[in-house]
Every structure is written in structure tokens, then in C-alpha cells.
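Participant: Below are the C-alpha cells for one structure; questions will follow.
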Amino acid sequence: MSSSIADRVITNKDISRNRRKLGFKGTAWLIARYIGLIFLFGFAVLPIYVMVINSFKGITGVNQMNAFNIPTKLNFEAWPAAWAVLQVPMLRTLVFVLQSSIISAILGSINGYVIAKWRFKGSKLVFTLFLFGMFIPYQAIMIPLVQFNNRMGLGGSIYTLVLAHVVYGIPICTLIFRNYYAAIPDEIIEAARVDGASMVYIYRTIILPLSIPCFVVVLIWQFTSAWNDFLFAIFLTGGAPNLAVATTALNFLTGSGNQIYYGTNMTASLIVSIPTLLVYMFLGRYFLRGLLSGSLKG
């Protein structure tokens, strides 16, 4: 108890000494930093502010002149109109996003485990090829991907998006899991191998229970990436209404017709952004724990 009190006294003395050393210039610089942070925060929050306030002005109550004004009376007319258009596409998006995220995470975990703990001849080359897949632009593989999906009979199915996001999610998932597993001591694996445990048994009983923080990071990453994707969605589905997802339905809504209803557009944009916002609100702390536990460290 006495040592903790002494440490606290020393800390308070150090803080007071640092404050005296700070002086006028240091205080001014500190204030300028806070002003800059407040400005950046306001700049980042401004689009959300505009969407929220305009979603309560009705369908026709929004124009370019009053876009930044707070509504004088709440009007929820735009919410059911936007939800009627987005309900089915958002449910369809949720189905394919969950499938692609889970499959990518599982395959990335297995690949990362093998590369990190069961090194074989050419494993570094294989890992390099996985990393190379992260830098291939979407546009470069669109035509062969569409041809492959058509030959596999997936051209008229939502599973064409599942396959696309799984393929493009494997490299980043492998990288994250490989770096995470590299931090696990090799002695644990060697002790299990000495006891006669197989590669699958070690993964199932030792590695997998330790992978929860990394799985959270990967699932949030993949969920956000797949939910916000527009290029794959519009290209692979061809704009078919029966395959419309959240982003394509939002695009059709905001760009359809000669009359633009900004209230409905703002409300629809807010509705589409809610799932990813909820993910980070409720799982954000686990995401940070996964990052701090070494899942993105080399």
C-alpha cells in the first residue's frame, strides 16, 4: 500500500513539473491540437448529421437550400418508403455477407495455421503468393470470374457474390491469421506433437480456442468489406432485381426517375449504413482487443 501511494505521489509531482515546463507555447500548441481534432471530428460526422436530420423531413421536404437545417417538425414519411425498397435486398445482403465472411475466416485460419506452424518446403513462396492476391485489382479478374461463375451455374444466383468475396477475402484473412499464429510459442505445438497429437487435433484443441480475438477481427473486416461492396454486386449480378443487394438497391433508388426525392435518398443511405454501424458499436471493443493482441503484427 505504501509503495503504491509513493508511486502516485511521484507521478503527481512529475505531472506538475511537466505542466510548469509546458509554458505558454506548449499550452497554445496543445489547444491548437484539440481545435484541430474537433474540426476533423466535425468534418467526419457531417455526412452522418446530414443524413439523420434529412431523414426526418419527409419525402419531399428536403432540398439543397435546407439540407443542413434542423427539421422544424419530425416527419417519418420517408422511412417506410425507403424500407419498402431496401427490405428484401438488405436481407439478401445479410445472407451472402455472413456466408462469405465465415467461409473466408475458416479458410484463412487453416491457411495461416499451416503456414505459421507446419512449415514445409516452399511455404514462404506460398505465403508470398497469398499476399500477391491482395494487390490484384477487382477489375482485372471480372471477366474470368463471370465466365467461371456461368460455367459453374452460379451466374443467376447470389452465391456468385459469396464466391467472389471468399476468393478475395482469403489473402487478407490468411495474412491476419498467419501473423496471429506466429506469436503463439512453438513449444506448445512441439509438446503436443511429442504426445502424438495430429495436425488436425492440435488445431482443433489448442489453436482454435486461442483464435477467438483473431476471428472477431477477420469477421468484422470481411463483413464490412462485403456489405459495402458495390463493384462485385453490380457487375456479377448484372443489375438483376432478383439479385439486388443493399448497395445496388440504394444505387437504383437514388438514380431512378427524373424526380429526385432527397428525403428518401438520405433515409435509404442511413438505413444501409446501420448494420455496419451496429457491428462496430457492439463489437468494436473486441475488434480493438484483437488488434492489440497481435493479430495484425508481423
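Participant: With the cut-off at 20 Å, report for region 107-205 the share of all Cα pairs above it, as a whole percent.
Facilitator: 50
Participant: P(r) for the chain, please, calculated from all Cα pair distances in 5 Å bins and given in %.
Facilitator: Whole-percent P(r) values from 0 Å outward: 1, 5, 9, 10, 11, 11, 11, 11, 9, 8, 7, 5, 3, 1, 0, 0.
Participant: Would you please state the base-10 log of I(q)/I(0) at q = 0.12, 0.15, 0.17, 0.18 1/Å for region 42-174, with intensities from the Debye formula using one equal scatterer on every alpha carbon?
Facilitator: Treating every Cα as an identical point scatterer, log10 I(q)/I(0) equals -0.75, -0.89, -0.96, -1.00.
Participant: While we're looking at this one, here's another question. Need one number: nm distance between label points at L94 and W118, each 7 Å from Cα along Cα→Cβ, rounded to one decimal.
Facilitator: Reported label-point gap for L94 and W118 is 3.7 nm.
Participant: Label points 7 Å out from Cα along the Cβ direction at R204 and A67: separation in nm?
Facilitator: If labels sit at R204 and A67, their model points lie 5.7 nm apart.
Participant: Only sites in a loop by DSSP and with at most 14 other Cβ atoms within 10 Å count here; which trypsin sites (Lys or Arg not before Pro) in region 29-117 make the cut?
Facilitator: Sparse-neighbourhood loop trypsin sites (Lys or Arg not before Pro): K73.
Participant: Something else now. Rounded to the nearest 0.05, what FRET efficiency do A84 and I35 have when you use their Cβ-Cβ distance and R0 = 41 Å?
Facilitator: Once rounded, the FRET efficiency stands at 0.40.
Participant: Among the lysines in the chain, how many pairs, 8 or more places apart or on different chains, have alpha carbons under 19 Å apart?
Facilitator: Pairs that pass both the separation and distance tests number 4.
Participant: Please list the helices of the chain that count as membrane-span-like by this rule: a mean Kyte-Doolittle hydropathy of at least -1.0 together with Cα atoms stretching 20 Å or more along the helix axis, each helix being a complete DSSP H run.
Facilitator: For the chain, where a helix must reach 20 Å along its axis and average at least -1.0, the hits are 2-54, 78-117, 159-182, 212-227, 262-290.
Bear in mind these aren't lab numbers, they're just calculated from the coordinates by the rules spelled out. Since the structure is predicted, the reported quantities are computational estimates derived from the model, not experimental observations. For neighbour counting, all protein chains shown are included, and Cβ atoms are generated from backbone atoms with ideal geometry for every residue, glycine included.
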